[in-house]
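Remarks on the structure that follows.
All of the numbers you see were taken from the coordinates with simple rules; none came from a lab. Please read all numbers here as calculations on a predicted model, not as lab measurements.
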Amino acid sequence: MTSEAGPPLPPGLDLLWGRRGPGRRGPQRGLSVQDVVAAAVGVADAEGLEALSMARVAKELGFTPMSLYRYVSSKDELLQLMWNASADGAENLVLEGDGWRARLRSWVLIQREALDRHPWITQMPLAAPPLAPNSLAFVEHGLEAMDGTGLADQDRLRFIGLLTSYTLSEARMAYDAARAARAAMAAAAAAAAAGADEPPPVWTYEALLRELADERTYPRLHRLAWAQEIGGSPAGFDERAEFLFGVNAILDAVQALIDRRAAGGS
């Protein structure tokens, strides 16, 4: 990337947008920014964000940690590059479906699929909306999905933020629940292998509700617990169905605002 005219951007963004001037240290032969980012994504995909460090990425590449600093100045900068890489191809995204609702639903599902492929994204700090090139391209497609609705750009951006926040939250809960379930099953297997008479139970949400929510104190929760509608997964309800329920509820809100705007409401 070459430097372009314009005010200095924050570290990380200057590299992503090609506005970083040449450094004092030349590039390491046989290595590139793309190599560093790809190795970092591989580590995070396999072991989670907690396993990621500059030293670990350098080891994966067969270089010294100091050699990585020729390309990225810090771990925080590396995280920005990884986030951008997780959305590769966003500029060529094609949303399927007829009408704004189908296209926006497709946009949300693409986002959720990316989070399921790279669950470490849900562990990243998010102090401000992502401003990497691929992130902006993805947001642009989301805004485009609502063309023809009559909604103001500001309203469209609000719904994009709402859908993104919801999707990130749901993906994180699904990821954390899956990790907790794996840990519980591993503990039960270890206890059995050690010859424990009664290995610790692997609790489901439904089973815990039945154990804790007595009918007198929590009549509605008690009714839910014994209705056999929650399901037997550790997290409770069918996660995919619940996620889509929430997506559809937000899309209903979009339609309600479209109708209100069309009727002249504020």
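Candidate membrane-span-like segments in the chain, meaning DSSP H helices with Cα atoms spread over at least 15 Å of their own axis and a Kyte-Doolittle mean of 1.0 or above, are 33-47, with no membrane implied. Each listed q (0.12 Å⁻¹) maps to a log10 I(q)/I(0) for the chain, found by the Debye formula over equal Cα scatterers with no solvent: -0.93.
With each run of n ≥ 4 DSSP H residues scored as -39500 (n - 2.57), what mean residue ellipticity at 222 nm is computed for the chain after dividing by its residue count and rounding to the nearest 500 deg cm²/dmol? Let's see the in-between values first.
Working: 11 runs with 154 residues, N = 266.
Using -39500 (n - 2.57) per qualifying helix, the result is -18500 deg cm²/dmol.
Across all Cα pairs in region 136-181, the calculated P(r) in 5 Å bins from zero up to the longest distance comes to 5, 21, 22, 17, 11, 9, 9, 5, 2, 0 percent per bin.
Can you pull a Stokes-Einstein diffusion coefficient for region 9-100 at 4 °C (1.567 mPa s), Rh from Kirkwood over Cα pairs, as a whole number of µm²/s? Reported coefficient: 90 µm²/s.
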